[in-house]
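The values are calculated or read from the model by the stated rules, or taken from the named source; none is laboratory data. Only a predicted model underlies this, so the values are computations on that prediction, with no experimental measurement involved. Backbone-built Cβ (ideal geometry, glycine too); neighbour counts: all protein chains shown. The area values use the complete protein model at the heavy-atom level, side chains included, leaving out ligands, DNA and RNA. Shrake-Rupley method; radii C 1.70, N 1.55, O 1.52, S 1.80 Å.
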Amino acid sequence: MRVIRRFPDPEAVSRAAAQDLVEVGRAAIAGRGRFCVALSGGSTPRRLYEILAEAPRWAQLDWRRVEFFWGDERAVAPEHPESNYGMAASSLLGKLGIAPERVHRIRGELPDPEQAAAAYQEELARVFAVAPDGLAPIFDLILLGMGADGHTASLFPYSPPVAERRRWVVGYQVARLGKTRITLTPPVINRAAEVRLLVTGTDKAAVVREALLGPREPERLPVQIVAPEAGRLVWLLDRAAAAEIPADSPI
C-alpha cells in the first residue's frame, strides 16, 4: 500500500513523522513487546528526532522497549560530524538515555566496508533471531529520505546495491561521490511493516513527480524500488517537494 501525505512545510513533515513513529511504536510494543525501527540521516530526520526528545512526546512511548537500527551509514567514526549514528545520538538517543544494548549502529569506522556490512547483517540476524542467510528480518518501521538524484538510504542511481536481492547489507564505494557507504538493501527495506519517506524542498520536486508519476526506472531512480511486500509506504511531502504533482493527480 502506498499513501501520499502533503504538509505545508518541513516542520509539519517532521512533526507528522514523529507522531507516526510514536503510534507505530506503541502498536508494536502492545502486540509484540518491542519496537524495531531503522533511523535515517539528514536534516529533516534530525528535526524529527529533536521533536521526539521533547517533553511530553517522549513520555508517549516506552523507549526501554525500542531497538534502534540505521538504514545506512557513512564510512566514518561514530563521533564524526557526518555520522548518521552520531546525529541521532546527539539529537535523540542521548537525551532519552537509551541503554547501549538497544542501540545497533553500523560500524562505519571499520577499514573494510564489506566487513562492516557483514557484521551488521550478523547483528540484524542476532537481534531478530533469524538465520543470516535466510529471509530478511521484518522491521516495524523504516525511516527514509530521498536525495535530489532519487537516491534513498545509500542506494544511489546505477549502483550495485539497487539490484541486490540476496544480501541485507552492502558496503561499497559510491563512485559519483568518491565516498564509501554501508546501506540496507531492497530485500530488507521491502520486508518492513511500515516505511516513511520524508521529502522536503524545492530541489526534490521534479524527482518526486518522476518517482510517483513517471515510468518505473529504479536503476535511475532508486527510490522507486521502495515497495513493501506486505507493508505500507507513506510519503510525507512538504509543499515545495510536492509542487510539481498536479492538483488533479490521482495520487
TODO: Give just the number: which of (1) under 24 Å from Lys204 (Cα atoms); (2) of a type in the set (Gly, Ala, Ser); (3) out of contact with any Leu (no Cβ under 8 Å at 6 or more places or on another chain); (4) open to solvent by 10 Å² or more (accessible area, probe 1.4 Å) does Ala27 not satisfy?
DONE: (1)
Open item on the list: Considering only the stretch 46-64, I want to know if a residue exists there that is within 20 Å of Gly147 (Cβ to Cβ), of a type in the set (A, V, I, L, M, F, W, C) and out of contact with any Pro (no Cβ under 9 Å at 6 or more places or on another chain).
Closed with: yes
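Can you find even one residue in the stretch 153-160 that is assigned to a loop (DSSP other than H, G, I, E, B), of a type in the set (A, V, I, L, M, F, W, C) and on the phi > 0 side of the Ramachandran plot? Please lay out each step first, then the result.
Quick first cut of the stretch 153-160, residues assigned to a loop (DSSP other than H, G, I, E, B) only: 153-154, 156-159.
Still in the running and of a type in the set (A, V, I, L, M, F, W, C): 153, 156.
Still in the list and also on the phi > 0 side of the Ramachandran plot: 153.
Within the stretch 153-160, one or more residues are assigned to a loop (DSSP other than H, G, I, E, B), of a type in the set (A, V, I, L, M, F, W, C) and on the phi > 0 side of the Ramachandran plot.
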Task: Residue match in the stretch 224-237 (condition: in contact with a Leu (Cβ under 7 Å, 6 or more places away or on another chain), of a type in the set (Phe, Trp, Tyr) and at pLDDT 95 or above) - done: yes
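Looking at Tyr172, Tyr158, can you tell me which residue is aromatic (Phe, Trp, Tyr) and farther than 27 Å from Ala77 by Cβ? If you could, list the steps in order and put the result at the bottom.
Details: Tyr172 fails: farther than 27 Å from Ala77 by Cβ.
Going through Tyr172, Tyr158 in turn, just one is aromatic (Phe, Trp, Tyr) and farther than 27 Å from Ala77 by Cβ: Tyr158.
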TODO: For residues that are farther than 30 Å from Ala16 by Cα and of a type in the set (Gly, Ala, Ser), scanning just the stretch 125-162, find the one that is most open to solvent (accessible area, probe 1.4 Å).
DONE: Ala129
Open item on the list: Consider the stretch 209-223. How many of its residues are touching a residue at least 12 places away in the same chain (Cβ under 8 Å) and closer than 21 Å to Thr185 by Cα?
Closed with: 8
- [ ] Please enumerate the residues belonging to the stretch 163-198 that are buried (at least 22 other Cβ atoms within 10 Å of the Cβ) and of a type in the set (A, V, I, L, M).
- [x] Val169, Val170, Ile182, Leu184, Val188, Ile189, Ala192, Val195, Leu197, Leu198
Open item on the list: Filter the stretch 199-221 down to the residues that are crowded, with 21+ Cβ neighbours inside 10 Å and polar (S, T, N, Q) and list them by number.
Closed with: Thr200
Task: Selection within the stretch 169-227 - in a helix (DSSP H, G or I) and either touching a Cys at 6+ places or on another chain (Cβ under 6 Å) or more than 30 Å from Ala125 (Cβ to Cβ) (or both) - done: Thr202, Asp203, Lys204, Ala205, Ala206, Val207, Val208, Arg209, Glu210, Ala211, Leu212, Leu213
- [ ] List every residue pair whose Cβ atoms sit under 7 Å apart, with the two residues 6 or more apart in sequence or on different chains, where the first one lies in the stretch 175-196 and is of a type in the set (Asp, Glu) and the second, anywhere, is open to solvent by less than 20 Å² (accessible area, probe 1.4 Å).
- [x] Glu194/Asp140; Glu194/Leu141; Glu194/Gly231
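Is it true that Val13 is surrounded by 20 or more Cβ atoms within 10 Å (Cβ to Cβ) and at pLDDT 95 or above?
Values: surrounded by 20 or more Cβ atoms within 10 Å (Cβ to Cβ): yes; at pLDDT 95 or above: yes.
Yes; evaluated as a whole, the condition is true for this residue.
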